[in-house]
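Enquirer: Below you'll find the structure I mean.
The values are calculated or read from the model by the stated rules, or taken from the named source; none is laboratory data. Quick caveat, the model's predicted, so the values are computed rather than measured. Don't worry about glycine lacking a Cβ; one is built from the backbone with ideal geometry, like all the others, and counts go over all protein chains shown.
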Amino acid sequence: MERGWGEAIIILIMKHNIILTKKSKTVNGTVQLTGSKSECNRALVIEALSNGKVKVENISDAADTVTLAGILRKSQEVRFKNQEVLASDKSEIENSKSEINIGPAGTAMRFLTAYYAIGDKEVILTGSERMKQRPIGILVDALRSLGAHIDFEEKEGYPPIKLKGSFDQQTLKISIKGNISSQYITALLLIAAKLPLGLELHIEGELTSRPYVEMTLAMLRQANIQYTWKDNVILIPHQEFAITSLHIEPDWSAASYWYAIAALSDQAELFLPGLTSYSLQGDSVITELMANFGITSQFKDGGVHLTKEPKPIFRKIFDLKECPDLAQTIIVVCAALGHDASFTGLETLKIKETDRILALQTELAKIGVKLIEKGQVYKLDCSEKQIPQRMFVNTYDDHRMAMAFAPLATLIPELEIEDADVVEKSYPAFWKDLESVGFEVAQAN
């Protein structure tokens, strides 16, 4: 089979484990975070759809974003090349079918499904074995109802999928449930202005991860795409993108791990440049969540200063439905501090890079903490919590498992992290940044 574009830009790294230690209970320093993966992935699709009118600044170096950027730019090169040969060599276009392997990049799978659905090229989108277990049927059904021609190549409702490159819009009105992944909704909103009839999207029920949808619409508006959002209906007419630049803010999801480190330290003084109090990113709510653990956030000097202050923890219920990517971070901090909190809004965690609920339950058991599921509420039982001298953390091919558990090194003398390179997905410099503030990172034997 011909090599897919994604394969050319996914770098295979031998898995290796690391030993993480932190001798001092104090942490201080400055950490420059990479650009937001969430913002950047949206901006890259907007850039591609705008035919070069929109430019992206401060592109993230997260592996998912590097993968998406490479695929989209290759797609643009092929499209422009095809325009040049249209009159003289149609066979080159007809023979340009491709298989695109996005590896474990879930956002890329959702966004590219919508992007190629309205294109004129036949494409097969596939990914890692875990990606083939992550549902995409809801998005495919929505695109089909709009006029896309998409087939499932193996299992119904899951990748790989074949997009036939023959879009004929049948309607502008579609409905989608609000309690599914916000990336399905974002994928549809990103292509809406390019649809001949535009898009009228009806959201059924309560909207999960609303800040991510608001981020998408705000970035579209920066590119001069107008919309209305009344009650549960978002309307985006057919229109053109304007010439503009989208500057990507540093990643608040990455910042959350530094808040966790501060929360588990005795003393903390950290500065994260570039972050603002008026962020588009829903995960900026970490400032409010971590205030419960004595972390103050001061926005000055072009960034945010984190300071640890002794404070009793009173909050018992955390609703994370609008920031599910913070769930592992918050739950691990509560567990490490022995705080029997309850959590809601975790419905999407079971279909992420791994089943994050099961992964959390398995790893927290290693410090004697239980995460108990009762319907849609999850409760920590820390009555048997114990801090071992050594702990091995399985990461389950999930970058957020590695980074959410890494702060435990402030409490556990020797913390071994499985497959350290998994952080490449969103925060490649994570281990180096830890070293810069006094953590010791060594290769496991």
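Enquirer: Restricting to the stretch 327-348, what's the tally of residues that are part of a helix (DSSP H, G or I), touching a Phe, Trp or Tyr at 6+ places or on another chain (Cβ under 9 Å) and of a type outside the set (V, I, T)?
Expert: So the answer is 3.
Enquirer: Where the second residue is assigned to a loop (DSSP other than H, G, I, E, B) and polar (S, T, N, Q) and the first is free of Cβ contacts under 8 Å to residues at least 24 places away in the same chain and lies in the stretch 217-245, which pairs have Cβ atoms under 7 Å and are six or more apart or on separate chains?
Expert: Here the result reads Q226/Q239, each pair linking the stretch 217-245 to a residue that is assigned to a loop (DSSP other than H, G, I, E, B) and polar (S, T, N, Q).
Enquirer: Same structure, new question: Look at the stretch 429-445 and say how many of its residues are touching a residue at least 12 places away in the same chain (Cβ under 8 Å), closer than 23 Å to N28 by Cβ and either not polar (S, T, N, Q) or not in a helix (DSSP H, G or I) (or both). Lay out the reasoning, then the answer.
Expert: In the first step, residues of the stretch 429-445 are kept if they are touching a residue at least 12 places away in the same chain (Cβ under 8 Å); the result is 429-431, 433-434, 436-444.
With the extra rule that they be closer than 23 Å to N28 by Cβ, the set shrinks to 429-431, 433-434, 436-442.
Next, from what is left, pick out any that are either not polar (S, T, N, Q) or not in a helix (DSSP H, G or I) (or both): 429-431, 433-434, 437-442.
Summing the residues that are touching a residue at least 12 places away in the same chain (Cβ under 8 Å), closer than 23 Å to N28 by Cβ and either not polar (S, T, N, Q) or not in a helix (DSSP H, G or I) (or both) in the stretch 429-445 gives 11.
Enquirer: Let me ask something else. Could you say which residue among I180, I225, I176, I185 is under 22 Å from G119 (Cβ atoms), aliphatic (A, V, I, L, M) and part of a loop (DSSP other than H, G, I, E, B)? Let's see the steps before the verdict.
Expert: Values: I180 fails: under 22 Å from G119 (Cβ atoms); I176 fails: part of a loop (DSSP other than H, G, I, E, B); I185 fails: part of a loop (DSSP other than H, G, I, E, B).
The conditions single out I225.
Enquirer: Here is a further query. Could you list, in sequence order, the residues of the stretch 30-44 that are among the aliphatic types (A, V, I, L, M) and either under 25 Å from G438 (Cβ atoms) or not in a helix (DSSP H, G or I) (or both)? Lay out the reasoning, then the answer.
Expert: Filtering the stretch 30-44 for residues among the aliphatic types (A, V, I, L, M) gives 31, 33, 43-44.
Residues satisfying the conditions are V31, L33.
Enquirer: Now a separate question. Condition first: in contact with a Leu (Cβ under 8 Å, 6 or more places away or on another chain) and in a helix (DSSP H, G or I). Now tell me which residues in the stretch 350-366 satisfy that. Please lay out each step first, then the result.
Expert: Going through the stretch 350-366, the residues in contact with a Leu (Cβ under 8 Å, 6 or more places away or on another chain) turn out to be 350, 355-357, 360-361, 364.
Result: K350, R356, I357, L360, Q361, L364.
Enquirer: Of all residues in the stretch 253-274, count the ones that are surrounded by fewer than 24 Cβ atoms within 10 Å (Cβ to Cβ) and more than 13 Å from I295 (Cα to Cα). Give the steps one after another, and end with the answer.
Expert: Taking the stretch 253-274 first, the residues surrounded by fewer than 24 Cβ atoms within 10 Å (Cβ to Cβ) are 264-267, 269-274.
If we keep only those that are more than 13 Å from I295 (Cα to Cα) as well, we get 272-274.
Looking only at that region, the number is 3.
Enquirer: Would you point out which residue out of A193, A260 is among the hydrophobic types (A, V, I, L, M, F, W, C), modelled with pLDDT of 95 or more and under 28 Å from L337 (Cα atoms)? Give the steps one after another, and end with the answer.
Expert: On the way: A193 fails: under 28 Å from L337 (Cα atoms).
Matching residue, one of A193, A260: A260.
Enquirer: Now for a different question. Taking A336 and the conditions (1) over 22 Å from the mean Cα position of the chain (by Cα); (2) farther than 17 Å from T410 by Cβ; (3) among the aliphatic types (A, V, I, L, M), which numbered condition does it fall short on, given that it satisfies the others?
Expert: (2)
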